[in-house]
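**Q** This is the structure I want to talk about, given as structure tokens.
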Amino acid sequence: MAFTTTTPTLLISLLLLLQFLSGTHSATFTITNNCNYNVWPAILSNSGSPLITPTGFALGPTDSEAIPVPPNWSGRLWGRTHCAADINGKFTCLTGDCATSSVECGGGNLSPPATTVEFALTDSAGPAKYLISLADGYNLPLMVVPQSGAAGTGNCGTVGCVMDSNSEYFPKELRVTSSSTGTGNGNDTTTLAIKSACGGASGAGNCNSNSNSELFKKWCPQAQASVYDKSSGSTCQSSDFVIHFCPSGFPATRNNGDNIGGEGASSSSDDLGKDTNKTFGIVIGVVAGVIGLVLIIWLCRKYIKKSCTCTCCGLFSCTICGDRD
């Protein structure tokens, strides 16, 4: 058979087909930034897992990036925020930095706090595992959506974690603010991130009964609250996943279903406003009742033409009612 220019194309196509049929085709992570600010995703492969590139890049608002991932890959992914390069070109981030002084992490590990997504992919032999973790703290809302999961091969559920890091629900010792990082004016209390339940607790070595860990679980019941939390995790026979930073339409809820953060949720100041309105309504009701009673007394005195029997004003003396005879 003559070798033509179409032969390499046919060979490549056959190789790709054989790779797909053998279950060794690569997965695709589509990373989307729904935040109204820049995010710098970082990817770290586990020891012994195939490396993927890029290991770090920038995403502007509404931007997306599709990353091919080899089969049987395992590792973690997170977003970095408040990043910049100094005059010497050293690149650093206030949250999620990977300590490589560059946009590419190149195997550099996470510097907490940051919200992470952990994956353990497989070939056709079994479903992939995926998990949102707060074991290293929280800096960005995240949502993971598996694509085209096979029926009967895991729950294939959408998982997410959205918290209001400025909420009064979080104790001060857990908050990382601009002033605490040395970048604010000293009075800036805006929270950039939340430390992990273990890292934020005094002398915490065991987070099993840590109240901060329980607080994280109430905010994000689908996420791993700490390294000791073994109750979370999802599986799906899906090769493709979409990872959303600042997902829209995924509310911040406690596990009892009450909205306590995010879009459409009530803050503690909103609750205070509701209590104030309720008290004001009670006061108005009492005043209206008193005015109505005074009006009844006045009508009794003006139009009843007989001795006061206190029929209409039994709570008052006849002197107050007046004798109309």
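**Q** Taking the Cβ of F29 as the center, what net charge do the other residues with Cβ under 14 Å away carry, scoring Lys and Arg +1 and Asp and Glu -1?
**A** Result for the neighbourhood of F29: -2.
**Q** Sticking with this structure for a sec: For region 35-98, run through the chymotrypsin sites (Phe, Trp or Tyr not before Pro) and keep only the ones in DSSP coil with at most 15 other Cβ atoms within 10 Å of their Cβ.
**A** Taking region 35-98 and a limit of 15 other Cβ atoms within 10 Å, the loop chymotrypsin sites (Phe, Trp or Tyr not before Pro) found are Y37.
**Q** Around P70, what is the net charge, scoring Lys/Arg as +1 and Asp/Glu as -1 over all other residues with Cβ under 15 Å from its Cβ?
**A** After counting each charged neighbour, the total is -2.
**Q** Sticking with this one: Between S148 and D63, 0.36 nm times their residue separation minus their Cα-Cα distance comes to what?
**A** 28.4 nm
**Q** Can you give me the long-range amide H partners of R80? Hydrogens built in the peptide plane at 1.01 Å from N, cutoff under 5 Å, separation of 5 or more residues or another chain.
**A** Result for R80 returns W40, A42.
**Q** Please work out the FRET efficiency for the pair S102 and S231, using the Cβ-Cβ distance as r and a Förster radius of 22 Å; give the result to the nearest 0.05.
**A** Given R0 = 22 Å and the Cβ-Cβ separation, E is 0.05.
**Q** Here's a follow-up. Enumerate the calculated ³J(HN,Hα) couplings along region 229-244 in order (Karplus 6.51 cos²θ - 1.76 cosθ + 1.60, θ = phi - 60°), each rounded to whole Hz, writing x wherever the residue is Gly or Pro.
**A** The phi angles translate into 7, 9, 8, 9, x, 9, 10, 6, 7, 10, 8, 10, 9, 10, 10, 9 Hz.
**Q** Using the structure shown, select from K90/K218; K90/K172; K129/K218; K129/K195; K129/K172 the pairs with a Cα to Cα distance greater than 27 angstrom.
**A** Exceeds cut-off: K90/K218; K90/K172; K129/K172.
**Q** Under a 5 Å amide H to amide H cut-off, with H placed in plane at 1.01 Å, what residues pair with W73 once short-range neighbours are removed?
**A** For W73, whose amide H was placed from the backbone, the distant partners under 5 Å are L121.
**Q** Under 5 Å between amide H atoms, partner at least 5 residues away or on a different chain: which partners does C105 have, H built in plane at 1.01 Å?
**A** Hits under the 5 Å cutoff: I43, T55, G56.
Throughout, read-outs are computed from the coordinates displayed, never taken from laboratory work. No experiment lies behind these values; they were computed from the predicted model shown. All Cβ positions, even for glycine, are placed from backbone atoms using ideal geometry, and neighbour counts span all protein chains on display.
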